[in-house]
């Protein structure tokens, strides 16, 4: 997730606080020492308690796909903390969701289901949206389906993303039409977050979009790791 760090007339500087809230990272701004939820973008304690940062649409993807779509991109290199992005991180897709929240509501789509159905036409509040998933890079994104006052409906055809209304072909990672009557047009990205399903349901307990089984799995307590007996741990 990406947030604006301007609150009122102040630019805040954020760092990791070292604390956890509901097993999720807590940020702290150096100006007021307020503590912020990284998943909600909201100050949970301190002078700015209740303040919500403005969210920006963002992509969580691999370098190859990002650079292909943004060849002139610049990179913020964090040498002390950065790690190589590996899609193996998502080896159990049922543990992850892409979610959208606002107006006291939330909706999420599980990676396991998106692996089977990589293009989902859906609604959130009064917004028509499409959720897209790229299995190779494990990239999940949301775009508005409304373009020039027309609501489009998308489907997968020959591994391409096509809208039924004009049969234009779209790049699912950029939301840009690459062929057909709408070539050159671009769908508006929506603010969504890729999250562990357990964290998402914890912070958004009334979320919709997940099946009963997915909700039950997300709410189940974490299993403890069984330690294998060794040496004098073994019973005679």
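Okay, here's what the table says:
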quantity: Packing-based order for 34-45, 3-14, using average beta carbon neighbours within 10 Å, highest first; calculated: 34-45, 3-14
quantity: The range 2-56: Rg to Rh, with Rh as the Kirkwood radius over Cα pairs; calculated: 0.92
quantity: Over the range 63-179, equivalent-ellipsoid semi-axes from the Cα gyration tensor in Å; calculated: 25, 19, 15
quantity: Peptide ranges 46-55, 199-208 listed from the most packed, as the mean C-beta count within 10 angstrom indicates; calculated: 199-208, 46-55
quantity: Peptides 90-103, 172-185, 113-126 ordered by average Cβ neighbours within 10 Å, highest first; calculated: 90-103, 172-185, 113-126
quantity: Computed [θ] at 222 nm, helices only, for the chain once each DSSP H run of length n ≥ 4 contributes -39500 (n - 2.57); calculated: -3000 deg cm²/dmol
quantity: Full-extension gain in nm, residue 68 to residue 49, via 0.36 nm per residue minus C-alpha separation; calculated: 2.8 nm
quantity: Rough spin-label spacing in nm, given labels placed 7 Å along Cα→Cβ, for residue 149 and residue 220; calculated: 5.1
quantity: For the chain, the spread of Cα positions along each principal axis, largest first, Å; calculated: 71, 59, 37
quantity: Distance (nanometres) between label positions extended 7 Å along Cα→Cβ at residue 31 and residue 158; calculated: 5.4
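Readers should treat all values here as calculations from the given coordinates under stated rules, not as data from a laboratory. Predicted model, so just to flag it, every value in this text is computed and none were measured. All Cβ positions, glycine included, derive from the backbone under ideal geometry; neighbour counts span all protein chains shown.
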